[in-house]
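Notes for the one structure printed next.
The values are calculated or read from the model by the stated rules, or taken from the named source; none is laboratory data. Please read all numbers here as calculations on a predicted model, not as lab measurements. Reconstructed Cβ throughout: ideal geometry from the backbone, glycine too, with neighbour counts over all protein chains shown. Protein only, heavy atoms only, side chains kept; ligands, DNA and RNA dropped before computing areas. Shrake-Rupley method; radii C 1.70, N 1.55, O 1.52, S 1.80 Å.
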Amino acid sequence: MEPGERLVDAPCREVLEETELAVTQVTGHAGSFDYASRSGRTPRQFTFAITVRATGPIILIEHDDAAWAGPGYLPAVSDETRVLLTG
């Protein structure tokens, strides 16, 4: 989150910055967790369900890969993210 930014606005900005996809709606909050980053900091990851205007093309800015996944299939995600998404 940026200083002064509302939590609901952060995923919209982040998705646009990191994929160039425009978020039309934040539909849910799956949860959050803290993790140790490579820099030694302990950031908090918030996971949201969102709707986007269009599904592509995805232009990755900060990530190596992206995948659209349904509830029955999760690609390689962190253990913490998998717990959030599967309950």
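Taking into account only those residues within the stretch 38-87 that are among the polar types (S, T, N, Q) and not in a strand (DSSP E or B), which is surrounded by the most Cβ atoms within 10 Å (Cβ to Cβ)? Per the criteria, the residue is Thr81. Among the residues of the stretch 5-26, at least one is open to solvent by less than 50 Å² (accessible area, probe 1.4 Å), part of a loop (DSSP other than H, G, I, E, B), in contact with a strand residue (DSSP E or B) (Cβ under 6 Å, 6 or more places away or on another chain) and not small (Gly, Ala, Ser). The selection criterion, being at pLDDT below 80 and over 19 Å from Leu16 (Cα atoms), does not hold for Pro43.
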